[in-house]
1. Using θ = phi - 60° and the Karplus relation 6.51 cos²θ - 1.76 cosθ + 1.60, list the HN-Hα couplings for segment 49-62 in order, rounded to whole Hz, with x at every Gly or Pro.
2. Below 13 angstrom from the Cβ of residue 133, what's the summed charge of the other residues (Lys, Arg +1; Asp, Glu -1)?
3. If each residue of separation counts as 0.36 nm, what is the full-extension length gain between residue 108 and residue 79 once their alpha-carbon separation is subtracted?
4. Let me check I've understood the local charge: for residue 56, count other residues with C-beta under 11 angstrom from its C-beta, Lys and Arg +1, Asp and Glu -1. What total comes out?
5. Show me the ranking of peptides 40-50, 58-68 by mean Cβ neighbours inside 10 Å, starting with the highest.
6. For the pair residue 93/residue 127, report the inter-label distance in nm, with labels modelled 7 Å from Cα in the Cβ direction.
7. Grab the other residues whose beta carbon is less than 12 angstrom from that of residue 142, score K and R as +1, D and E as -1, and report the net.
8. Modelling each spin label as a point 7 Å along the Cα-to-Cβ direction, I'd like the residue 136/residue 36 distance in nm, to one decimal.
Amino acid sequence: MFTSVSDTWRAPDRAGYDPTSGRTVARVLPMLADERIVWLSTVRPDGTPHLVPTWFWWDGTALVVFSKPDAVKARNLRANPRLMVAVGDPEDDFSVGLIEAEATCADDAPIPDAFFAKYAAELGPGRLDPARFRAMYTQSIRIVPTRYLAWHGRGESPAPVAVVPQPTAAGTLAVRIAARLESLSARLRGPGTSPVATPA
């Protein structure tokens with residue numbers, strides 16, 4: 001479980017890496033608070049990666065996702081709780097958040113009103129409404145970050161206050177990071193690691 005992030009790790013002296021793990025966390029946390037979509041990369045029992053965009057709610061400690069119980073991501077996480085999360089807009093110098101995490105699944109957990117407030121524009125008449133959403137998406141998945149990866153793109157490391165996440169088309173994010181997540185998925189099958197930022 002993620003409890004703290006060491007600020008002792010130093011990134012390679014090159015553009016594209018945050019200089020400290022604290023800088024990585026400071027850059028990624030605003031994305032979790034502001035973005036509307038995250039990408040979850042899980043591993044099927046045969047080792048094949050699975051990548052999917054999803055709505056989420058950030059409670060300040062964990063991402064909470066609501067899923068259909070028989071969805072591939074839910075089945076994968078019940079078998080192997082380790083996953084990767086990608087968040088952010090790659091259009092701005094590929095400054096995205098890449099997070100290793102562990103998930104726990106719970107049946108029939110209540111969906112907070114804050115989640116429905118966040119997605120009010122997507123829910124409503126003629127679309128999926130909150131009552132139907134609650135009836136269909138009964139699998140709660142709580143995703144706790146264990147490591148924030150230091151990679152942020154091609155340019156200079158941005159100051160944490162300079163990060164202003166913008167809404168993004170989910171498809172653009174998938175195309176640009178799918179290959180990276182696939183290579184990182186091999187880490188999901190490895191032994192657990194301490195919660196420090198490391199180069200991707």
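1. Each residue's phi maps through the Karplus curve to give x, 10, 10, 8, x, 7, 6, 7, 10, 9, 9, x, 10, 9 Hz.
2. Values: positive: 68, 118, 127, 132, 134; negative: 113, 122, 129.
Net charge around residue 133: +2.
3. Details: separation 29, 0.36 × 29 = 10.44 nm, distance 1.88 nm.
Residue separation times 0.36 nm, minus the Cα-Cα distance, leaves 8.6 nm.
4. +1
5. On the way: 40-50: 16.2, 58-68: 17.7.
The packing order, highest mean first, is 58-68, 40-50.
6. Between residue 93 and residue 127, the simple spin-label model gives 3.3 nm.
7. Every neighbour counted, the sum reads -2.
8. According to this spin-label approximation, the distance is 1.7 nm.
Where a number appears in this text, it was derived from the coordinates with a stated rule and is not lab data. Model, not experiment: these values are computed from the prediction. Positions of Cβ are backbone-derived with ideal geometry, glycine not excepted, and every protein chain shown enters the neighbour counts.
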